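For reference, the structure is listed below as structure tokens.
The values are calculated or read from the model by the stated rules, or taken from the named source; none is laboratory data. Keep in mind the model is a prediction, meaning the values are calculated, not measured. In this analysis, Cβ positions are derived from the backbone assuming ideal geometry, glycine residues included, and neighbour counts consider all displayed protein chains. Only protein heavy atoms, including side chains, enter the accessible area calculation; ligands, DNA and RNA are left aside. Shrake-Rupley method; radii C 1.70, N 1.55, O 1.52, S 1.80 Å.
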Amino acid sequence: MYDDPSHPLYLYHSDQPSMILVAHSLNQENYYIWSHGMLMALTIKNKDGFIDSIIARPPASSEAESKQWTRCNILVKGWILNTISPKLAESVMYNDTTYELWEELNERF
């Protein structure tokens, strides 16, 4: 199931949490440019569903899918956290899902 590159839970070998997907870090003046760039990058990676909750957490009864979803969710959170200031990252990193993190940033800016 997760060996199909078109599946949103597929992970490439090169997908690492430390990857920087956008050129500019988020600051007080560039939220709209930053969020648009991040959305484009996540769309290319087929992970944009994590920020709009289209890729919902599967039920715990589906253990393999739930674990794969968790890995992808953490990966996307890492990509976002790598492009914001450390102080801001500290204040939003404990959101459980990427969607919650994205929504908190949207509300702040």
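On the basis of being within 19 Å of SER25 (Cβ to Cβ), part of a helix (DSSP H, G or I) and open to solvent by 60 Å² or more (accessible area, probe 1.4 Å), does LYS87 make the cut? Working first, answer last.
Values: within 19 Å of SER25 (Cβ to Cβ): yes; part of a helix (DSSP H, G or I): yes; open to solvent by 60 Å² or more (accessible area, probe 1.4 Å): yes.
In short, yes.
Going residue by residue through the stretch 72-83, is there one that turns out to be assigned to a loop (DSSP other than H, G, I, E, B), hydroxyl-bearing (Ser, Thr, Tyr) and open to solvent by less than 90 Å² (accessible area, probe 1.4 Å)? Walk me through how you get there before you give the answer.
As a first pass, look at the stretch 72-83 and keep what is assigned to a loop (DSSP other than H, G, I, E, B): 82-83.
Still in the running and hydroxyl-bearing (Ser, Thr, Tyr): 83.
If we keep only those that are open to solvent by less than 90 Å² (accessible area, probe 1.4 Å) as well, we get 83.
Taking every residue of the stretch 72-83 in turn, at least one turns out to be assigned to a loop (DSSP other than H, G, I, E, B), hydroxyl-bearing (Ser, Thr, Tyr) and open to solvent by less than 90 Å² (accessible area, probe 1.4 Å).
On the given criteria, is LEU9 closer than 17 Å to THR98 by Cα and open to solvent by less than 50 Å² (accessible area, probe 1.4 Å)?
Numbers: closer than 17 Å to THR98 by Cα: yes; open to solvent by less than 50 Å² (accessible area, probe 1.4 Å): yes.
It is true that LEU9 is closer than 17 Å to THR98 by Cα and open to solvent by less than 50 Å² (accessible area, probe 1.4 Å).
Which of (1) charged (D, E, K, R); (2) open to solvent by less than 90 Å² (accessible area, probe 1.4 Å); (3) in contact (Cβ under 8 Å) with a residue 24 or more places away in the chain does GLU104 not meet, given it meets every other one?
Going through (1) charged (D, E, K, R); (2) open to solvent by less than 90 Å² (accessible area, probe 1.4 Å); (3) in contact (Cβ under 8 Å) with a residue 24 or more places away in the chain one by one, GLU104 breaks only (3).
Tally time: how many residues in the stretch 38-67 are open to solvent by 20 Å² or more (accessible area, probe 1.4 Å), assigned to a helix (DSSP H, G or I) and either in contact with a Gly (Cβ under 6 Å, 6 or more places away or on another chain) or not β-branched (Val, Ile, Thr) (or both)? Give the derivation first.
Taking the stretch 38-67 as the starting set, the residues that turn out to be open to solvent by 20 Å² or more (accessible area, probe 1.4 Å) are 39-40, 43-46, 48, 52-57, 59-67.
Imposing the further condition that a residue be assigned to a helix (DSSP H, G or I) reduces the set to 39-40, 43-44, 48, 63-67.
From what is left, the residues that are either in contact with a Gly (Cβ under 6 Å, 6 or more places away or on another chain) or not β-branched (Val, Ile, Thr) (or both) are 39-40, 48, 63-67.
So the count comes out to 8.
Kindly evaluate SER62 against the criterion of being at pLDDT below 95, closer than 20 Å to ASN106 by Cβ and among the polar types (S, T, N, Q).
Numbers: at pLDDT below 95: yes; closer than 20 Å to ASN106 by Cβ: no; among the polar types (S, T, N, Q): yes.
Taking the combined requirement at face value, the residue does not satisfy it.
Any residue at all in the stretch 25-34 that's under 25 Å from TYR2 (Cα atoms), open to solvent by less than 50 Å² (accessible area, probe 1.4 Å), of a type outside the set (Phe, Trp, Tyr) and part of a loop (DSSP other than H, G, I, E, B)? Please lay out each step first, then the result.
Of all residues in the stretch 25-34, those under 25 Å from TYR2 (Cα atoms) come to none.
Among the residues of the stretch 25-34, not one is under 25 Å from TYR2 (Cα atoms), open to solvent by less than 50 Å² (accessible area, probe 1.4 Å), of a type outside the set (Phe, Trp, Tyr) and part of a loop (DSSP other than H, G, I, E, B), which makes the answer no.
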